[in-house]
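For reference, the structure discussed in these notes is given below.
The values are calculated or read from the model by the stated rules, or taken from the named source; none is laboratory data. This is a predicted model, so every value here is computed, not measured. Every residue, glycine among them, receives a Cβ derived from its backbone with ideal geometry; neighbour counts consider all protein chains shown. Ligands, DNA and RNA are excluded from the accessible area calculation, which covers all protein heavy atoms including side chains. Shrake-Rupley method; radii C 1.70, N 1.55, O 1.52, S 1.80 Å.
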Amino acid sequence: MALTSSKNPLDLSQAFSGFSGNLIFPGGAEYDAARAIFNAMIDKRPAVIAQCRDSRDVQMAVAAATAHNLPLSVRGGGHNVAGNAVCDDGVMIDLSAMRRVSVDPGKRLARAQGGATWSDFDAATQAHGLATTGGAISSTGIAGLTLGGGIGWLQRKFGLTCDNLVSAEVVTADGRIVTASAVENPDLFWGLRGGGGNFGVVTSFEYALHPLGPIYGGMVIHPFPRALEVLRFYKEFSAGLPDEATLNAVLLTGPDGRPAVAMAGCHCGTPEQAARDMQPLKDFGPPVADHFGPMPYLALQSMIDQAFAKGHRNYWKSDLLNGIEDALFERLIADFAKVPSPRSAILIEQFGGASSRIAEADTAVAIRGAPYNLLILSMWDHAAGDEANRNWARGVFDAVKPFSAGKAYVNYLGTEDDDGVVRIEAAYGRQKLARLRSLKAKYDPANRFSYNQNIKPA
């Protein structure tokens, strides 16, 4: 056991006896860096940060929190906007040292530890010409994305990330290490695929892989005065795309500091099919910039990394859409013209394809029916801008409620009271939420794992 500070406010030495990782207490040289996550609005101070090296370390951290009746949070990649990876005055389990990824190219399977990011995972799998649906930002952790469902560029071809999950190793609230799969603890396996971190700490994930070489993708940017025309084209063009293609529309501030409208996505079919299917996107315009073409999959996966760098302040609002229409476009364009921060954006994400054809009852995730999702990304740099930027996001969200499907993607929910119980119901629906509450009562009856989009035990 390595201690980076002697400022241990609790007697945790016995609870962590034999701990092989690194224990960081307030005042330690590594403390502030270890508690910092993607969203700079989150400023919580754990009593101890337990940087685990294996499942046994995780067991000890869970036991320590239970023995001392301390709050317990779990950090995988630390990228979730809600900031639930960090707790005040409790035990923060940090999996960032557990990032090993192993690939069996013959069986087309990959096993990854719970602290791995999509950068880790994609590099390992692409070395064998394989991939599975992963997050669009390479620094995102595989754990949070998978447990919330997992949307990404490949979802219309290969399904959501959780649809590709084969098994998981889980440390439960009572300290057991169990395997969840279709044949072992299938009830837990069902809940892990969309139910978030409510049922335990997942220390490793096993995924099915798919052959994938270079793709055809990128971004095309058009001037903001033509935004309505571009979004109308997007509606018609995206509706006719095959499963191999995913295309999103985004209102953003361009490199020149001016508002712009863009279409970003990829086609993972053959080069010939991709070029043919995406040619109308290339022909429409003229654009301000056209960066759409053949590229390595790893380049696509890191394409928007810079825009989502760690350390900015974030407040997001999101809802699934039943469809897209001119009235929605006009509202979004008018609201984006008043955006207070050049880092902010409004995104229409294309769903459907393979992810929509998996039976609704098969997994806990509940986003399969809607063809599109709306994500309002408010992002800025300084605390002085908190009120203006949050109010802008809330205003846009309220204005577009008439177009909402009344459902939400759980990984986009925040921590504010307006993202509380009502939004949990929107993420799962009453029937699934009731099943998840029963599952929670079985695996975590005391709600030890509450730093998440929390599902209360039945």
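Per the 1.4 Å probe, what fraction of the accessible area of the chain, in percent, lies on carbon and sulfur atoms? Spell out each step's value before the answer.
Values: 9140 of 17540 Å².
Heavy-atom surface of the chain belonging to carbon and sulfur, 1.4 Å probe: 52 percent.
By a straight-distance test (C-alpha under 16 Å), which aspartates and glutamates pair with K157 as possible cross-link partners, with residues fewer than eight away in the same chain excluded? Cα-Cα hits under 16 Å: D243, E244, D277, E349. Accessible surface for the chain, divided over its residues, is 38 Å² per residue with a 1.4 Å probe.
After finding the eigenvalues of the alpha carbon gyration tensor for the chain, what semi-axes result from the square roots of 5 times each, listed largest first in whole Å? Please list the in-between numbers first.
Details: eigenvalues 260, 119, 88 Å².
Semi-axis lengths for the chain are 36, 24, 21 Å.
When a/c is below 1.5 the answer is rounded, else prolate if a/b is larger than b/c, else oblate, so apply that to segment 290-366 with a ≥ b ≥ c taken from the square roots of the Cα gyration tensor eigenvalues. Oblate shape, in that a/c is at least 1.5 and b/c is the bigger or equal ratio.
Think of each Lys and Arg Cβ as +1 and each Asp and Glu Cβ as -1; about the Cα centre, that makes the dipole of the chain roughly 520 debye. A simple charge model with +1 on the Cβ of Lys and Arg, -1 on the Cβ of Asp and Glu and nothing else charged puts the dipole of segment 184-298 at about 420 debye relative to its Cα centre. With Cα atoms defining each centre, segment 387-413 and segment 325-379 are spaced 10 Å apart in the structure. Mean projection of the Cα convex hull over all viewing directions, computed for segment 1-124: 8.1 nm².
Coordinate range of the alpha-carbon atoms in segment 228-313 per principal axis, descending: 39, 31, 19 Å.
At most 13 other Cβ atoms within 10 Å and a DSSP loop assignment: could you name the GluC sites (Glu not before Pro) in segment 342-426 that fit? Display every interim value, and only then the final one.
Working: sites: E349, E360, E387, E416, E425; in loops: E416.
Listed in order of number, the matching sites are E416.
Summary value for the chain: 15 percent relative contact order, contacts being C-alpha pairs under 8 angstrom separated by 6+ residues. Run the reach check for K317 against lysines, Cα to Cα strictly under 25 Å, same-chain hits fewer than 8 apart removed. What comes back? Straight-line reach from K317, under 25 Å: K44, K235, K338, K401, K407, K432, K456. Across the alpha-carbon atoms of segment 203-250, the computed radius of gyration and Dmax are 15.9, 49 angstrom.
What number, rounded to the nearest 500 deg cm²/dmol, is the helix-based mean residue ellipticity at 222 nm of the chain, given -39500 (n - 2.57) per DSSP H run of at least four residues and division by all its residues? Walk me through the intermediate numbers first.
Numbers: 12 runs with 123 residues, N = 458.
After summing the helix terms and dividing by residue count, I get -8000 deg cm²/dmol.
What the pair-distance distribution of segment 368-458 shows, using all Cα-Cα distances binned every 10 Å from zero, is 14, 40, 29, 16, 1 percent.
The trypsin sites (Lys or Arg not before Pro) found in segment 1-110 that occupy coil by DSSP, while having at most 14 further C-beta atoms within 10 Å, are K7, R100, K107.
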